[in-house]
1. For segment 162-205, which positions are assigned to a helix (DSSP H, G or I) and touching a residue at least 40 places away in the same chain (Cβ under 8 Å)?
2. Is it the case, given these coordinates, that I135 is farther than 26 Å from R89 by Cα, in a strand (DSSP E or B) and in the same structural domain as S120 (by TED's automatic domain parsing)?
3. For the structure I just gave you, tell me whether L73 is part of a helix (DSSP H, G or I) and in contact with a strand residue (DSSP E or B) (Cβ under 6 Å, 6 or more places away or on another chain).
4. Going by the structure shown, is D156 surrounded by fewer than 15 Cβ atoms within 10 Å (Cβ to Cβ) and either outside any strand (DSSP E or B) or not assigned by TED's automatic domain parsing to the domain that holds M175 (or both)?
5. Pick from I106, I65, I35: which is surrounded by fewer than 20 Cβ atoms within 10 Å (Cβ to Cβ), outside any helix (DSSP H, G or I) and either in the same structural domain as R164 (by TED's automatic domain parsing) or among the small types (G, A, S) (or both)?
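The values are calculated or read from the model by the stated rules, or taken from the named source; none is laboratory data. Quantities reported herein were computed from a predicted structural model and do not represent experimental measurements. Ideal geometry is used to build each Cβ from the backbone, glycine not excepted, and the neighbour counts take in all protein chains shown.
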Amino acid sequence: MRIEPVFLFDLDGTLVDSVYQHVLAWKTALDAERIELSVWRIHRKVGMSGGLFVNQLLREVDVEIDPERGERLRRAHAEAYRTHGRDVRPLPGARELLAFLSEQKIPWAIATSGRMETASVNIRSLGVDPAECTIVTRDQVRYAKPDPDLFLAAADRLGAPIERAIVVGDSIWDMLAATRCRALGVGFLSGGYGADELRQSGAIRVYEDPADLLEHIDEVGGRR
C-alpha cells in the first residue's frame, strides 16, 4: 500500500513573496527604537519568531532590550508590515501547487512563525480560505522555528505522523526545524538563502519556487 506524504508549508518567502517586506518592517521598528542594525543582518533572521528575533539582536547590538521594549518592537513590526504587506503577492506557482495537492487529495497545511496579525495579510493574497484549510501560526504553539513545534502541530492537525511530512520552506530555520522533528525538508531559493545553505541545514531537495516544485512534484512523493 502506498503511503502518501503530507506537505507542510512555511508562508513568507515560500508561498508568498513577502520576505523583504518583513525586512523593511523590522527595519522600521528598529529605527523607531533607535537601534542600528544593517538590513542584511535582519534578512538573515527572517523566519524566526519575533521573540527569538529580538533575542538574537542582543548578540549584535549593544543596547538594552528588556521584555517591554521587545514587545514594543514586535508590535511596531506588525504595524509596519500591515503597510508594507499591501503589495505582497503569491510566488509563481503557489496557488497552482496548493490546488494540485487538493485535487490529488494530498493533505497540506501552512505552518508559519508569524502571528495571525501579520499572517492574515499573506493568506488573503493566496486566495486561501482559513476556514477550509489547516493553518498553524505562532500564536498557537509554545516555540517557533527553529524549534519544530509549528510543524508538529500542523501534522497532528492533519492526523498524520510527522515522519510522513514534507516540510517546504525558504530558510535555514525551516530546514533545521524539519530535521529536529524527523520530517523531510525541501528548500526554496525564493527567500534569499543559497542552495548550499539550505542543504547544509537539512534540505533533501532545493527548488527555485512553488512553480519549480510543482514541475518536479514526483521527486518528493507527489503524483500527477
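1. Residues satisfying the conditions are R164, I172, W173, D174, S190, G191.
2. no
3. It is false that L73 is part of a helix (DSSP H, G or I) and in contact with a strand residue (DSSP E or B) (Cβ under 6 Å, 6 or more places away or on another chain).
4. Against the criterion (surrounded by fewer than 15 Cβ atoms within 10 Å (Cβ to Cβ) and either outside any strand (DSSP E or B) or not assigned by TED's automatic domain parsing to the domain that holds M175 (or both)), D156 qualifies.
5. I106
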